[in-house]
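The structure under discussion appears below in the form of structure tokens.
The values are calculated or read from the model by the stated rules, or taken from the named source; none is laboratory data. Because the structure is a prediction, the values reported are computed rather than measured. Backbone-built Cβ (ideal geometry, glycine too); neighbour counts: all protein chains shown.
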Amino acid sequence: MEKMARVTTALGSNTISGCTMFCHLDAPANAISVCRDAAQVVVAGRNIFKIYALEEEQFVEKLNLRVGRKPSLNFSCADVMWHQMDENLLATAATNGAVVTWNLGKPSRNKQDQLFTEHKRTVNKVCFHPTEVHMLLSGSQDGYMKCFDLRKKESVSTFSGQSESVRDVQFSIRDYFTFAASFENGNVQLWDIRRPDRYERMFTAHNGPVFCCDWHPEDRGWLATGGRDKMVKVWDITTNRAKEIHCVQTIASVARVKWRPERKYHLATCSMMVDHNIYVWDVRRPFIPFATFEEHKDVTTGIVWRHLHDPGFLLSGSKDSTLYQHKFKDASRPVDKANPEGLCFGLFGDLAFAAKESLISGGGDSNRKPYGSGGDRRYPIFFFKKPDLTEQFAHESSALSVFETDLESSRMDWFVKTARRYLLSGKPFGELCDHNAKVAKELNRPQVSTTWTMLRVMYSDPGNLATATSISKGGSIPLMNSFNMKEIAAGGLGSESRLDRGKGEIWQDTIHLDPGNSLINNNDENEETEGSEGPADYLFGDAELEDDNLYPMEHENPTAEEAEYSLPQEAFPLRHEIVDNPSVPEHLQDKVDSPHVSGNEAEAVCLTPIKSFSLISISQPLYESHLPASFFSPVVREMLQHYAEAGDVQMAVSVLIVLGDRIRKEEHWYTSYIDLLQRFELWNVSNEVIKLSTSSAINCLNQTSTTLHINCSNCKRPMSNKGWICDRCHQCASICAVCHHVVKGLFVWCQGCSHGGHLEHIMNWLKSSSHCPAGCGHLCEYT
Amino acid sequence: MDISDGTGRWDGLGSRDISTREIAMENVSQEVLSRAEKIGPICEEVIQPLRSPVRSPDDLNWMLARLLMLSRRCPYADVREKCLSVLQNVQDIGVRIPRPLGQGPSRFIPEKEILQVSKVNAKTQVIFEDAFAALGRLDNISLVMGFHPQYLESFLRTQHYLLQMDGPLSLHCRHYIGIMAAARHQCSNLVNLHVNDFLQVGGDPKWLNGLKDAPQKLQHLGELNKILAHRPWLVTKAHIEQLLKAEEHSWSLAELIHAVVLLTHYHSLASFTFSCGISPEIHCDGGHTFRPPSISNYCACDIANGNGTLDEIQGNHALTDTPCEVEALMEKMKQLQECRDEEEASQEEMATRFEREKTESMLVAAAEDEDSVPTRDVSRHFEDPSYGYKDFSRRGEHVPTFRAQDYSWEDHGYSLVNRLYPDVGQLLDEKFQIAYNLTYNTMAMHQDVDTSMLRRAIWNYIHCMFGIRYDDYDYGEINQLLDRSFKVYIKTMVCSPEKTTKRMYDSFWRQFKHSEKVHVNLLLMEARMQAELLYALRAITHYMT
């Protein structure tokens, strides 16, 4: 029978010919199907049900099956199929749950033949048996599949998938009794038509609904499925477990999939939403479609190859109310337009780059530059894949270049070191800040260091401050710095004249702060500048002095304090350093213009609404009224934002933690910092951060998956989580091989023989012997 | 912004770690007591600032209200007790402490019915703890949903993702859109809740003066909000185009999807809030009062909900009233199931049945007016307050029926959402499925009932009101299964939820348990959300093609 079918349908002498052409339909199509001799096509949709003849240059409407003044819902088709044996026989699946057959041989206008209304919900798919004339299968939203014998009035058998709605049913082309059904919950089931009680096998093919499936026309074991998860998968079901052998990732959910005749590895797909193109894929090359048809203006709803044995013509119907015949030769080939290039990062930051030979040789040295100043050793490698004659692909030869990164420049050492050395809790706020400032300074990150110091100043309790400063030796740059920076930006750089303009002792005091200022300037400009080391020393030399100058009013009468300011002589020579540094002014200008103000300047912005010389009036209330810590919050928040955006989420999070509830939490910084820490395998730090975070969503991170499943060491069965005795073999599990007691707590064991025990005991044991303490003779290894 | 600085203090209370909670509690109580002492026993004026829209967390009243909330709603017993004792101490100092207005999370359901947070089963408890940890509060909505932990989990996950996780819109915008959507239904509960959140994530308080003070971009959304809330079938691709092509105020597609999901979420959540009679949150405006209880405030429902006496009487009364209602319903379901094949309705018949149901849904008058007192002037968050639900098909403006088979959530909606706002499609899909498939196979006092038919009837009836038709559904079933009072309830709840009253809630399905009524409300809410979403997404799809 099977043989015969193939003989009759095989392409005879009358080869199919035609061109890419289309015609307008009156309404959107839901599905199309061709008759056996490939001369006619039926289009079905909610408001359309027509047969068109395929002629050389055009479609010609043959028959309108949608008759009657007010057509019933039985005409509203979700699917249609033309029988491959009997060219008068059609079946449709109606959205109201009816399965209808049509006999074109009927003399009357209404060709409706039989009506089965056994399904309770929409019927998604009908399928004729490829070789048996009277057998029709349907799959419905209600979860049932029904097999009809067209000679009878009702279904002969009902198959219950037991798992939600059926989206597609397909008879196997080669196995007489087998059919496949795909389901909304991602499963695919294979059934034997003779056994309606239970499916033969089931496997989960997709995540989410499987919209379609198609048997390979030649290879009996291959089934292609397409799902909402945007994947097309090819399954080999000849093996015990269905094995995924190919997978194509598309850009939208896959509505239909059809194997291309005569081409073993080709299949056509169209999508349910968003994407209107039809793709033909070579499943062995799943990254770029082999060919695309881009004619439709709305989603393609039905595709079918025109003839069983002719790979050259594809028919498609669409929601845009057109019916197309695509000639394969006219398809666009994305491969031709694609530049075969590949880019990949190596483990240590190396970069491999493969591109067309012609591009590489043409580009020459100009390519070289972007990849850094340092150790760029580029060595092109050429290799060829042995051409496979069965594959019809253009062969490209590419040049592969590997760029080695300069390990030094992109090192994340500072990150790791900082993470390890920062203190986030356990000490008073001031000390934490000082410690972290010191760490940052030692790692040559002065800006960060300065930020820490300023935070301390801002948030320390005025009462504690005096003590805090006396304890700390570290550099504390008082707030005033920022005023000075503003000053320079606004007032230009006349160093001497500035001194002249200075009024009163307060002004002198600000000048005395200049060294710190120069430090900041340098840092802002370039963290690696050697010069920044120098001023830093001065700064910290001054620190104590400044503290004394700036904070005396904590314990003294505020009215007297103006007189207290004195001009430290040491500061003067330093001023020249700033002047000497030519890059400072431009740099500052830049900074002022740029929207992202650094922490330092942000302060200036907020504290000095009036520019330049208003220092005295502004700074006074600062000290007199003990600005509440919350006064700084916006600035600090901006500063943190700046750090986070600049990529230094470490700083942002560390500050957040140290500040504790002084500032609002920012959840996603935490998550990214934790993520980074874990990538650098800084588990301890990451756990500390999780623990210290004030955000409870983060906090519960280390409370997830805290369950440890253990198997009994004797019977190898899973232990129930009660007690230390296995339920099944009634033996104590996890006994120390040395002391023979149950280990509660840290259990260390050899991966080789799986014997082990208390950490201490094993350590002691291994000092004297390298054999397993259990006496199994294994030479235990612990790393 | 001061708001942020005070809140950190409270976060520790949500920790699972008991010692962390203790420390946090200690902090809070010291802070409160010290402030209380400062104010001293004379503080008559505290009543005034109560109504001020923005209160700083350092305000003592704010703290006391929060303590009150925690003493009732915190899932941890230790925190509850401690809060209570702190409040007591404050009162001893002589400062007036607040007391909750209204009782329990819902005005319709007696408090003892709603699983008390301390007595819930383990699964609910875990979900509550998670929710509490994430938000620092446990809102009344979650408490009522606690009847159905499976759904609650999915709901909270979705909501958390929409509001907190990665998404194209900034955090404060999300809350603002929530406010806009809830305000459309005058749901002051949700509005208050999100006003607080909005300020907490650093939103500009000026926006709260009204939509006109919000950025242009959000103002544009007002139109879509209005249509989606009341007549979603009128959304066209022109609306979408207006939003996406507005020069510098234009939305991106991803942002729009996010906004649409938020809008529909909050429209339907407003429905749920009203239909379950959710009380205002204790710590929000209208949830508590500093006035001592007086006779004038004393009303019947206070007693009723306090210890449930009155309600019980009513309930018993209802039971004796119509004992056979449930049986009748079950009988009908059985009949429908059996005689489906015999009485084969013609296609025309089916079509007219849909039309009839549709027109009848129009006749079902949306309930009598009853004044609800919006404590915050919510109407300023939207424009055109006169715009309301109009019946789907009325003479004159004929809108074509939306065929569910042509644009379904599973096939089309999901794909679109997932493309533009990854993960949310999945979350919503799960939520819809859980809501649609949720069943305990019980009906009132009967066990092992297949309720799928009933659930489908409710779901499809709601979609029918929005003009969505399922080809494969016999709308005659609705008529058989849903009686008139129930239809009135559904219609009111879905179309103008602000008019829901306790009487309506009580009068449908009288023998059913409260948990079952909440279940129905969940169904209504999800069906409504899906309907709105389908219209919006279809318009977006049309725009894209």
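Here is a list: A:Thr131, A:Thr101, A:Thr117. Which entry is touching a helix residue (DSSP H, G or I) at 6+ places or on another chain (Cβ under 6 Å) and surrounded by fewer than 24 Cβ atoms within 10 Å (Cβ to Cβ)?
A:Thr131
Taking the conditions exactly as written (within 12 Å of A:Ser318 (Cβ to Cβ), small (Gly, Ala, Ser) and in contact (Cβ under 8 Å) with a residue 60 or more places away in the chain), does A:Ala27 satisfy them or not?
Yes; evaluated as a whole, the condition is true for this residue.
Can you go through B:His185, B:His175, B:His160 and tell me which one is of a type outside the set (D, E, K, R), more than 22 Å from B:Gln426 (Cβ to Cβ) and modelled with pLDDT of 85 or more?
B:His175 is the lone residue from the list that is of a type outside the set (D, E, K, R), more than 22 Å from B:Gln426 (Cβ to Cβ) and modelled with pLDDT of 85 or more.
Considering (1) within 11 Å of another protein chain (Cβ to nearest Cβ); (2) assigned to a loop (DSSP other than H, G, I, E, B); (3) at pLDDT 70 or above, say which one A:Thr694 fails and leave the rest.
For A:Thr694, the failing item is (3).
Give the range B:474-485 a look and list any residue that's buried (at least 20 other Cβ atoms within 10 Å of the Cβ) and free of Cβ contacts under 8 Å to residues at least 40 places away in the same chain, or say none.
Answer for the range B:474-485, where residues must be buried (at least 20 other Cβ atoms within 10 Å of the Cβ) and free of Cβ contacts under 8 Å to residues at least 40 places away in the same chain: just B:Leu482.
Inspect the range A:57-64 for any residue being more than 44 Å from the chain's Cα centre (by Cα), free of Cβ contacts under 8 Å to residues at least 60 places away in the same chain and buried (at least 23 other Cβ atoms within 10 Å of the Cβ) and give the result as yes or no.
Checking the range A:57-64: not a single residue is more than 44 Å from the chain's Cα centre (by Cα), free of Cβ contacts under 8 Å to residues at least 60 places away in the same chain and buried (at least 23 other Cβ atoms within 10 Å of the Cβ).
Restricting to the range A:717-729, name every residue that is at pLDDT 70 or above and either within 30 Å of B:Ser19 (Cα to Cα) or not hydrophobic (A, V, I, L, M, F, W, C) (or both).
Hits for the range A:717-729 are A:Arg717, A:Pro718.
Here is a yes/no grid of residues against (1) at pLDDT below 80; (2) away from chain B (no Cβ under 14 Å); (3) touching a helix residue (DSSP H, G or I) at 6+ places or on another chain (Cβ under 9 Å); (4) crowded, with 23+ Cβ neighbours inside 10 Å:
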site	(1), (2), (3), (4)
A:Gln620	yes, yes, yes, no
A:Glu624	yes, yes, yes, no
A:Leu627	yes, no, yes, no
A:Phe631	yes, no, yes, no
A:Glu638	no, no, yes, no
A:Gln641	no, no, yes, no
A:Asp648	no, yes, yes, no
A:Met651	no, yes, yes, yes
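Across the range B:446-471, what is the number of residues that are more than 17 Å from B:Leu523 (Cα to Cα) and either more than 14 Å from chain A (Cβ to nearest Cβ) or without any contact (Cβ under 8 Å) to a residue 40 or more places away in the chain (or both)?
Qualifying residue count for the region: 5.
Here is a yes/no grid of residues against (1) outside the structural domain of A:Ile173 (by the TED database); (2) of a type in the set (A, V, I, L, M, F, W, C); (3) under 27 Å from B:Tyr414 (Cβ atoms):
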residue: A:Val234; (1), (2), (3): no, yes, yes
residue: A:Val254; (1), (2), (3): no, yes, yes
residue: A:Val257; (1), (2), (3): no, yes, yes
residue: A:Ile288; (1), (2), (3): no, yes, yes
residue: A:His296; (1), (2), (3): no, no, yes
residue: A:Asp310; (1), (2), (3): no, no, no
residue: A:Gly317; (1), (2), (3): no, no, yes
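Residue check, B:Tyr436 against (1) farther than 21 Å from B:Ala328 by Cβ; (2) within 14 Å of another protein chain (Cβ to nearest Cβ); (3) free of Cβ contacts under 8 Å to residues at least 60 places away in the same chain, all met but one. Which one?
Every listed condition holds for B:Tyr436 apart from (3).
I want to confirm something. Restricting to the range A:96-111 and keeping residues that are in contact (Cβ under 8 Å) with a residue 40 or more places away in the chain and within 14 Å of another protein chain (Cβ to nearest Cβ), which single residue is farthest from A:Lys62 (Cα to Cα)?
Selected residue: A:Gly97.
Being touching a helix residue (DSSP H, G or I) at 6+ places or on another chain (Cβ under 6 Å) and either surrounded by fewer than 19 Cβ atoms within 10 Å (Cβ to Cβ) or free of Cβ contacts under 8 Å to residues at least 24 places away in the same chain (or both) narrows it down to one of B:Leu244, B:Leu234, B:Leu211, B:Leu228, so name that one.
So the residue among B:Leu244, B:Leu234, B:Leu211, B:Leu228 that is touching a helix residue (DSSP H, G or I) at 6+ places or on another chain (Cβ under 6 Å) and either surrounded by fewer than 19 Cβ atoms within 10 Å (Cβ to Cβ) or free of Cβ contacts under 8 Å to residues at least 24 places away in the same chain (or both) is B:Leu234.
Could you tell me how many of the residues in the range B:411-423 are touching a residue at least 12 places away in the same chain (Cβ under 8 Å) and either within 19 Å of the chain's Cα centre (by Cα) or within 11 Å of chain A (Cβ to nearest Cβ) (or both)?
Residues that pass the stated criteria total 6.
Within the range A:296-316, take every residue that is part of a loop (DSSP other than H, G, I, E, B) and away from every other protein chain (no Cβ under 14 Å) and give me the one that is surrounded by the fewest Cβ atoms within 10 Å (Cβ to Cβ).
Only one residue tops the list, namely A:His309.
Considering only the range A:80-95, state which residues are within 14 Å of chain B (Cβ to nearest Cβ) and either among the hydroxyl-bearing types (Ser, Thr, Tyr) or surrounded by fewer than 24 Cβ atoms within 10 Å (Cβ to Cβ) (or both).
Of everything in the range A:80-95, those that are within 14 Å of chain B (Cβ to nearest Cβ) and either among the hydroxyl-bearing types (Ser, Thr, Tyr) or surrounded by fewer than 24 Cβ atoms within 10 Å (Cβ to Cβ) (or both) turn out to be A:Thr92, A:Thr95.
Can you go through A:His276, A:His206 and tell me which one is assigned to a loop (DSSP other than H, G, I, E, B) and under 20 Å from A:Gln170 (Cα atoms)?
Within the list A:His276, A:His206, the selection yields A:His206.
Within the range A:387-399, identify whether any single residue is closer than 30 Å to A:Tyr673 by Cβ, at pLDDT 65 or above, among the charged types (D, E, K, R) and surrounded by 12 or more Cβ atoms within 10 Å (Cβ to Cβ), and answer yes or no.
no
What pairs can you find where one residue is in the range A:348-360 and over 7 Å from A:Val402 (Cα atoms) and at pLDDT below 70, the other is loosely packed, with under 14 Cβ neighbours inside 10 Å and polar (S, T, N, Q), and their Cβ atoms are less than 9 Å apart, with a gap of 6+ or different chains?
A:Leu359/A:Asn339
Mind checking which pairs have a first residue in the range A:38-55 that is within 14 Å of chain B (Cβ to nearest Cβ) and a second that is β-branched (Val, Ile, Thr) and assigned to a strand (DSSP E or B), Cβ under 7 Å, 6 or more apart or different chains?
A:Ala44/A:Val80; A:Ala44/A:Thr92
Which pairs have Cβ atoms under 6 Å, sit 6 or more apart or on different chains, and link a residue in the range A:421-448 that is over 22 Å from A:Ala644 (Cβ atoms) to one that is crowded, with 20+ Cβ neighbours inside 10 Å?
A:Gly430/A:Arg456; A:Gly430/A:Ser460; A:Gly430/A:Ala468; A:Asp434/A:Ser472; A:Asp434/A:Gly474; A:Lys438/A:Gly474
Scan the range B:197-223 for residues that are away from every other protein chain (no Cβ under 14 Å), more than 17 Å from B:Glu247 (Cβ to Cβ) and among the polar types (S, T, N, Q) and report the count.
1
Looking at the range A:41-64, which of the residues that are touching an Asp or Glu at 6+ places or on another chain (Cβ under 8 Å) and not hydrophobic (A, V, I, L, M, F, W, C) is farthest from A:Ala94 (Cα to Cα)?
The residue in question is A:Tyr52.
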